[in-house]
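Participant: Here it is, the structure in full.
Here, each number is a calculation from the coordinates, and none is a lab measurement. In this text, all values refer to a predicted model and were calculated from it rather than measured experimentally. Every residue, glycine among them, receives a Cβ derived from its backbone with ideal geometry; neighbour counts consider all protein chains shown.
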Amino acid sequence: MVRLKEGPQEDDMDHITMTKAVRLEELGGDVKLLPRVGVTGSRLMVFSQAEAPVLTEISLVDGSIQRRLLEDPGVEIHFVQALAPNRRLLVSAFSEGGEKNAFVYDGSGKRLFSFRAGDAVEEVQVMDDTIWIGYMEDGILKEDSFSKHGALALDPEGNILFSYRETAGRQGLPGVRDCYGLNATEDGEVWLYYSIDHLMARITRGRVKQFWKGGPVLSWHSPLVQARGFALWNRQLLFATPARELYWASLRHGILERVKPVDVEGREIAFSRYWTRDFRLFLLEGSDVYLYDMKQHGMKM
């Protein structure tokens, strides 16, 4: 049986307690170009183009901060990730005219090379030097040579290693019309949340190993419609939505529950932006970044 818990009153809503991970002034205030944030391993990466292209890396272990100036990529950047050995990947979401929109840098900030990664990019995550990319509807429907696949895995030079469109076709599964969220986990699995009809797929070793649809979690009636990010642990997911709401979902039990993020003193966190990666959720309030670790906190449902 699947069920959606009755909508709780604000005072009765279950909460998740988040810890303050770091404070970064460049993430607060009004800027012309929004700083882009990526999570790789134990590092939070922030790329800013407001005045000059600067990459800031913050250790989530000891809080140490490193900043470096990068050669200007010449386009607005939307995603930042790490590549081995000591290289960095910047990606622009758009490549309507076929121009290169992925840029690889060395540890000194020098641009080494670039390649095309497709148009209408929704998400980019790197795991074990494999670049996973999910695409938005605009790129998929116009049959862009990369984006039409819905989700891809590329090697560090931009060569296609995996196509979700081709794999889903061979396995008799629906293709991606719009990739809402993507999560590349530390154990080598990749999870996709996508439309048509709000589906969840677990990919491992080049195949879709599990597939979910329907119920309160995955349907057009779900409040997760167009949720653009999720953390996951042991078949449970923590979603953030464009309405700045958080939902905890259990694929195993078919339960969806809204939760309230609070700090260690019980104060609700009024977040403006959010990021997810593997089992971690990050919320931004002002210049403060808060962290919730699903693996550390264990099971909820």
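Participant: Between MET200, MET13, MET127, where does the largest GNM mean-square fluctuation fall for the chain, given springs only between Cα atoms within less than 10 Å?
Facilitator: MET13
Participant: Please rank VAL46, VAL208, fewest neighbouring Cβ atoms within 10 Å first, as an exposure proxy.
Facilitator: Arranged by neighbour count, lowest to highest, VAL46, VAL208 become VAL208, VAL46.
Participant: A further question follows. What is the dipole size for the chain, taken about its Cα centre, with +1 at each Lys and Arg Cβ and -1 at each Asp and Glu Cβ, in debye to the nearest 20?
Facilitator: Value, rounded to 20: 840 debye.
Participant: Based on other C-beta atoms within 10 Å, arrange ASP293, ASP178, ASP72, ASP119 from fewest to most.
Facilitator: Values: ASP293 17, ASP178 20, ASP72 11, ASP119 25.
So the residues, fewest neighbours to most, are ASP72, ASP293, ASP178, ASP119.
Participant: Return the loop-located trypsin sites (Lys or Arg not before Pro) in the stretch 195-267 (DSSP other than H, G, I, E, B) with at most 11 other Cβ atoms within 10 Å of their own Cβ; answer none if there are none.
Facilitator: ARG205, ARG252, ARG267
Participant: Which of GLY215, GLY28, GLY74 moves most in a GNM of the chain, Cα contacts under 10 Å?
Facilitator: GLY74
Participant: Moving on. Given the options LEU182, LEU256, LEU70, state which has the largest fluctuation in a GNM of the chain using a 10 Å cut-off (strictly under) for Cα springs.
Facilitator: Fluctuation is largest for LEU70.
Participant: Another question, if that's okay. Where the centroid of each part is defined by its Cα atoms, how far is the stretch 162-199 from the stretch 79-135 in Å?
Facilitator: Rounded to whole Å, the Cα centres lie 20 Å apart.
Participant: What is the fewest-to-most order of VAL91, VAL61 by other Cβ atoms lying within 10 Å of their Cβ?
Facilitator: Exposure proxy ranking, most exposed first: VAL61, VAL91.
Participant: Could you work out [θ]222 nm for the chain from helices alone, using -39500 (n - 2.57) per DSSP H run of at least four and dividing by all its residues? Round to the nearest 500 deg cm²/dmol.
Facilitator: -1000 deg cm²/dmol
Participant: Cα convex hull of the stretch 164-301: mean projected area in nm², to one decimal? Walk me through the intermediate numbers first.
Facilitator: Numbers: hull surface 33.7 nm².
Its Cα hull, projected and averaged over all orientations, spans 8.4 nm².
Participant: Would you count, across the chain, every pair of lysines whose alpha carbons are under 30 angstrom apart, provided the pair is eight or more residues apart or spans two chains?
Facilitator: 27
Participant: OK, next. In the neighborhood of THR241, defined by Cβ-to-Cβ distances under 12 Å, what is the net charge if each Lys or Arg adds +1 and each Asp or Glu adds -1?
Facilitator: The answer is +2.
Participant: Related question: For VAL39, what charge total do you get from the other residues with a beta carbon under 10 Å from its beta carbon, if Lys and Arg give +1 and Asp and Glu give -1?
Facilitator: Spelling it out: positives minus negatives among the neighbours equals +2.
Participant: Counting other Cβ atoms within 10 Å of each Cβ, which trypsin sites (Lys or Arg not before Pro) in the stretch 16-110 have at most 13 and sit in a DSSP loop?
Facilitator: LYS32, LYS110
Participant: Which of rounded, prolate or oblate describes the chain when judged by the alpha-carbon gyration tensor and an a/c cut-off of 1.5?
Facilitator: Details: a/c = 1.81, a/b = 1.13, b/c = 1.61.
Cα axes put the chain in the oblate bin.
Participant: Could you pull out the longest piece of the chain with no exposed loop GluC sites (Glu not before Pro) in it, calling a site exposed if DSSP puts it outside H, G, I, E, B and it has at most 11 other Cβ atoms within 10 Å?
Facilitator: 158-264
Participant: If you take every residue apart from SER287 with its C-beta less than 12 Å away from the C-beta of SER287, what net charge results, scoring Lys and Arg +1 and Asp and Glu -1?
Facilitator: Local charge sum for SER287: -1.
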